[in-house]
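Read through the structure below, which is laid out as structure tokens, and then see the notes.
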Amino acid sequence: MGAPSEFSLPVRVYIEDTDAGGIVYYVNYLKFMERARTEYLRSFGYQHYALAEEDFQFVVHSCEVRYLKPARIDDALHVTAALARIGRAGLDFVQQVRRGGELLCEGRVKVACVRASDLAPRALPSALRSAMQAAS
């Protein structure tokens, strides 16, 4: 399963993503980043619902976001997700939102792997861990 070390997802800004002035509402950048992490996981052949059936779930532990420039309605964006660290029971991502070559927003997101049944920490699935290590 050859997923890239940095994943890029194209995102179009719709009216639902913006405030009354047509500027992307700050929390929606986190939604864009979530979509990129989800699709990155999918690029390794994993989907959230399938992992949940095996008692795995990913939850955001913490994030740090810097907003540099606004995105606006109808902008074509690229949202990236790159692994900065693969831990025993968690992943650290570095993410960016760009419009063309222009950096609009960047963040670091720490994701924990937990048991879906009780949300206790759980080691990453070994096959997923191996695939991610090979890609990064």
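Numbers below:
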item: Extreme residue, most open to solvent (accessible area, probe 1.4 Å), among residues of the stretch 102-136 that are within 30 Å of residue 23 (Cα to Cα) and not acidic (Asp, Glu); result: 108
item: Near pairs, Cβ below 7 angstrom, 6+ apart or cross-chain, from the stretch 35-58 (aliphatic (A, V, I, L, M)) to any residue that is open to solvent by less than 40 Å² (accessible area, probe 1.4 Å); result: 36/7; 36/9; 36/79; 36/80; 36/81; 36/95; 52/116
item: Selection within the stretch 11-45 - open to solvent by 90 Å² or more (accessible area, probe 1.4 Å) and either under 16 Å from residue 129 (Cα atoms) or of a type outside the set (Gly, Ala, Ser) (or both); result: 12, 14, 15, 16, 25, 26, 31, 35, 42
item: Every residue from the stretch 1-41 that is of a type outside the set (S, T, N, Q) and part of a strand (DSSP E or B); result: 6, 7, 9, 10, 11, 12, 23, 24
item: Single unsatisfied condition, residue 74 versus (1) open to solvent by less than 30 Å² (accessible area, probe 1.4 Å); (2) touching a residue at least 60 places away in the same chain (Cβ under 8 Å); result: (1)
item: Enumeration of residues in the stretch 67-92 that are under 21 Å from residue 17 (Cβ atoms) and either part of a strand (DSSP E or B) or at pLDDT below 95 (or both); result: 67, 72, 76, 77, 78, 79, 80, 81
item: Residue identified as open to solvent by 50 Å² or more (accessible area, probe 1.4 Å), at pLDDT below 95 and in contact with a Pro (Cβ under 9 Å, 6 or more places away or on another chain) among 54, 6; result: 54
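The values are calculated or read from the model by the stated rules, or taken from the named source; none is laboratory data. Since this is a predicted model, take the numbers as computed values, not measurements. Every residue, glycine as well, gets a Cβ built from its backbone with ideal geometry; the counts of neighbours run over all protein chains shown. Ligands, DNA and RNA are excluded from the accessible area calculation, which covers all protein heavy atoms including side chains. Shrake-Rupley method; radii C 1.70, N 1.55, O 1.52, S 1.80 Å.
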